[in-house]
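To start, the structure itself, in structure tokens.
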Amino acid sequence: MSTSKFEEIDRALRAHQRFAVLSHVRPDGDALGSQLGLALSLQKLGKEVRVWNEDGMLEKYSFMPHAEMLRKPPTAPEDFDVAIALDTAIQNRLGTTAAAIRSAKVWINIDHHPSNPGYGDIVHVDPTAPATGQIIFELIRRQNLPLDREIAENLFVAISTDTGSFQYPNTTSRTFEIAAELVGTGIDVGKVSQQLYENYPRRRIELLRALLDTMRFEAGGRVARFSLPLNLAQSLSVLPEDNEGLIDHLRAVRGVVVAIFFEELVDGKVRVSMRSKEAEVDVSAICQKFGGGGHSLAAGARVRGSLAEVEQKVMEVVCDAVGPKS
């Protein structure tokens, strides 16, 4: 972790007044929690802050402190001193938020995806961090930026969700130390965890039931997949956020090395989410072949084509990477 880079970011934060804090389309808890955590800290410094995401605040995360700050970008572009991209591996995944920035004197890129090419004027990409929220915490602590219970709760959500509730292999002793410090600010862990993991709408369970009907195993049971056709999503009236975490049901099956979720989109593309349980099978490298990226154990891509076409192309590459069961 680069202390000098944190110092450079800190100088930019303290020297300027008007900020836009952005994250990727189809945001997850890490993206939204990191945005709100940093934005609230900036506000306590007396800064003017806009917090934008193409999808706005998701229903499932609306319990987060000051969730109302996070909005969809305006149609009329605005000028800023600093634009900050969080948890966004590829710049075009900022979606409509990028177009809402008419000008910015400085672009800051803070991320933990190893596939991030390093866009922006000030770049801090730490692939060893399990969540961008952990990077934001380290920045706040090392540079003595404001931290209170509300900021801490947003960062706790960011870290908890991106580590699979502290289960994934990238979770370190430092992650637990940070979580302990965040909880020490007064977070009600039971209440927050219930909101995150035990508060799903009924339609999500109905979606899971439908997805399991499409479940297929290949490569001797080492690859598992299910698919969500557009007409099925529409018939169930599901929201995009309802999909989050469903792939874990495939990954949890004994013997499965790679789990894949294919989701047909309205723009003629298919959203491919991929998870690996073995470091030897790098799903980020696989997704990069289709214009995507991410982490070695969790990655994704958006691929143009019909659902059947994309399934066939992706499955060929994945099964080749996994190989037959030894």
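The values are calculated or read from the model by the stated rules, or taken from the named source; none is laboratory data. Keep in mind that this is a model prediction, so the values were computed, not measured. Quick reminder, even Gly has a Cβ in these numbers, built from the backbone with ideal geometry, and neighbours come from all protein chains shown. Surface areas here come from the heavy atoms of the whole protein model, side chains and all, with no ligands, DNA or RNA. Shrake-Rupley method; radii C 1.70, N 1.55, O 1.52, S 1.80 Å.
Once the Cβ-Cβ distance between R11 and D79 is put in as r, and R0 is 25 Å, what FRET efficiency do you end up with, to the nearest 0.05?
Approximately 0.75, to the nearest 0.05.
Where the only charges are on Cβ atoms (+1 Lys, Arg; -1 Asp, Glu), what is the dipole of region 194-326 about its Cα centre, to the nearest 20 debye?
Dipole of region 194-326, to the nearest 20 debye: 140 debye.
Expressed as a whole percentage, what fraction of the accessible surface of the chain belongs to carbon and sulfur atoms when a 1.4 Å probe is rolled over the protein heavy atoms?
48
Residues of region 261-325: accessible area per residue at 1.4 Å, in Å²?
It amounts to 47 Å² per residue over region 261-325.
Only Lys, Arg, Asp and Glu count, each charged at its Cβ (+1, +1, -1, -1), so figure out the dipole size of the chain about its Cα centre, rounded to 20 debye.
Taking the Cα centre of the chain as origin, the dipole is about 240 debye.
With springs connecting C-alpha atoms under 10 Å apart, model the chain as a Gaussian network and identify which of R50, R93, R142 has the largest mean-square fluctuation.
Result for the chain, Cα springs under 10 Å: R142 fluctuates most.
Quick check for me: using +1 on Lys/Arg Cβ and -1 on Asp/Glu Cβ, what's the dipole size of region 76-178 about its Cα centre, in debye to the nearest 20?
Dipole size: approximately 140 debye.
DSSP loop trypsin sites (Lys or Arg not before Pro) in region 192-224 with at most 11 other Cβ atoms within 10 Å of their Cβ, which ones?
none
Per residue, how much accessible area does region 132-253 show when a 1.4 Å probe rolls over the protein heavy atoms, in square angstrom?
Ligands and nucleic acids excluded, the result is 46 Å² per residue.
Inverting the mean 1/r over all pairs of different Cα atoms, compute the Kirkwood radius of region 203-264 and quote it in Å.
Mean inverse Cα-Cα distance, inverted, gives 11.8 Å.
With springs connecting C-alpha atoms under 10 Å apart, model the chain as a Gaussian network and identify which of A76, A98, A39 has the largest mean-square fluctuation.
Judging by the Gaussian network model, the answer is A76.
Note the listed values (1) 22.2, 90; (2) 24.0, 106; (3) 19.5, 60, then indicate which one is Rg and Dmax of the Cα atoms in Å calculated from this particular structure.
Label of the calculated value: (3).
Work from the charge dipole of the chain (Cβ charges, +1 for Lys and Arg, -1 for Asp and Glu, about the Cα centre) and give the residue of V192, F6, G29 farthest towards its positive end.
Positive-end residue among those listed: G29.
Report the percentage of all Cα-Cα pairs in region 60-107 whose separation exceeds 16 Å, rounded to a whole percent.
More than 16 Å apart: 50 percent of the Cα pairs in region 60-107.
Looking at the chain, what % of its DSSP beta bridges pair antiparallel, to the nearest 5? List each step's numbers first, then the result.
Values: 19 of 49 bridges.
Once the DSSP bridges in the chain are tallied, antiparallel ones form about 40 percent.
Would you list, by chain and number, the lysines whose Cα falls below 24 Å from the Cα of K47, excluding same-chain residues fewer than 8 positions away?
K5, K72, K105
Using the alpha-carbon centroid of each, what span in Å lies between region 203-240 and region 19-77?
Using only Cα atoms, the two centres lie 30 Å from each other.
Given the options A89, A279, A129, state which has the largest fluctuation in a GNM of the chain using a 10 Å cut-off (strictly under) for Cα springs.
Top of the fluctuation ranking is A279.
Could you sort E8, E280 by their accessible area in this structure, using a 1.4 Å probe and putting the largest first? Present the calculation step by step, with values, prior to reporting the outcome.
On the way: E8 65, E280 150 Å².
Per-residue accessible area, sorted high to low, gives E280, E8.
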